[in-house]
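Enquirer: One structure coming up, written as structure tokens, with questions to follow.
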């Protein structure tokens, strides 16, 4: 959706170590959560912090609503090109057509954004999604803007209500999906939304970071 790009205008800049092999994005702590800005697309996703044996996480619940949490972050993709995401979908969106306007909702998604112009709407994005109906590896242009590409990294067809960790090379993904050679990113966001389908989704996010391999 075009409105999503406005999310990235208000996010907090991360201080990143110059030579880090791992760049952490979200800590999912009370202190961080108080600083995060919520950008509503329609209504507001309910966010709640929690923890388990693997650390902190955030729970997202949306029912006919959608909002995102994110940060601006200059991420050197020559040093740390791999995004790592641990997530789980407790309640999926079975039956929707995710590449249509009426069904363009995801129980869990992580955006990575590259600024390519002077306005937010000129940005390019890869939208890594936890799909409810499609297979891992499938891609398509967002029905709302060709500047955002949906890329299925996980699916409830195989991992329903299970924690799963996925990884992808963002530098290579931008070349493959946008035909862009980029060396850095400018923002990362998470979003759980059901504003198009009007259904209910519940998902969890944990351990989102970039790594050198």
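Enquirer: With the requirement that a residue be assigned to a loop (DSSP other than H, G, I, E, B) and either buried (at least 24 other Cβ atoms within 10 Å of the Cβ) or in contact with a strand residue (DSSP E or B) (Cβ under 6 Å, 6 or more places away or on another chain) (or both), what does the range 116-125 give you?
Expert: Those that are assigned to a loop (DSSP other than H, G, I, E, B) and either buried (at least 24 other Cβ atoms within 10 Å of the Cβ) or in contact with a strand residue (DSSP E or B) (Cβ under 6 Å, 6 or more places away or on another chain) (or both): 116, 123.
Enquirer: Is the range 78-90 home to any residue that is surrounded by fewer than 18 Cβ atoms within 10 Å (Cβ to Cβ), farther than 29 Å from residue 212 by Cα and out of contact with any strand residue (DSSP E or B) (no Cβ under 8 Å at 6 or more places or on another chain)?
Expert: Within the range 78-90, not a single residue is surrounded by fewer than 18 Cβ atoms within 10 Å (Cβ to Cβ), farther than 29 Å from residue 212 by Cα and out of contact with any strand residue (DSSP E or B) (no Cβ under 8 Å at 6 or more places or on another chain).
Enquirer: Being farther than 16 Å from residue 190 by Cα and assigned to a strand (DSSP E or B) is the filter here; which residues of the range 69-89 pass it?
Expert: 74, 75, 76, 82
Enquirer: Can you confirm whether residue 113 is surrounded by 22 or more Cβ atoms within 10 Å (Cβ to Cβ), closer than 29 Å to residue 181 by Cβ and touching a helix residue (DSSP H, G or I) at 6+ places or on another chain (Cβ under 6 Å)?
Expert: Judged against the criteria, residue 113 is a match.
Enquirer: May I pose another question? Would it be correct to say that residue 196 is closer than 27 Å to residue 36 by Cα, in a loop (DSSP other than H, G, I, E, B) and touching a strand residue (DSSP E or B) at 6+ places or on another chain (Cβ under 9 Å)?
Expert: Yes.
Enquirer: Further, regarding this structure: Taking residue 51, is it free of Cβ contacts under 8 Å to residues at least 60 places away in the same chain, part of a strand (DSSP E or B) and over 18 Å from the mean Cα position of the chain (by Cα)?
Expert: So residue 51 fits the description; yes.
Enquirer: Please go through the range 42-77 and give me each residue that is closer than 27 Å to residue 173 by Cα, at pLDDT below 95 and surrounded by fewer than 21 Cβ atoms within 10 Å (Cβ to Cβ), ordered by number.
Expert: Listed by number, the residues that qualify are 71, 72, 74.
Enquirer: Confirm whether residue 185 is at negative phi, in contact with a strand residue (DSSP E or B) (Cβ under 9 Å, 6 or more places away or on another chain) and not in a strand (DSSP E or B).
Expert: Against the criterion (at negative phi, in contact with a strand residue (DSSP E or B) (Cβ under 9 Å, 6 or more places away or on another chain) and not in a strand (DSSP E or B)), residue 185 does not qualify.
Enquirer: While we're on this one: Of everything in the range 136-170, what is out of contact with any strand residue (DSSP E or B) (no Cβ under 8 Å at 6 or more places or on another chain), in contact (Cβ under 8 Å) with a residue 60 or more places away in the chain and either at positive phi or loosely packed, with under 14 Cβ neighbours inside 10 Å (or both)? Give them in sequence order.
Expert: none
The values are calculated or read from the model by the stated rules, or taken from the named source; none is laboratory data. These numbers come from a predicted model, not from an experiment. All Cβ positions, even for glycine, are placed from backbone atoms using ideal geometry, and neighbour counts span all protein chains on display.
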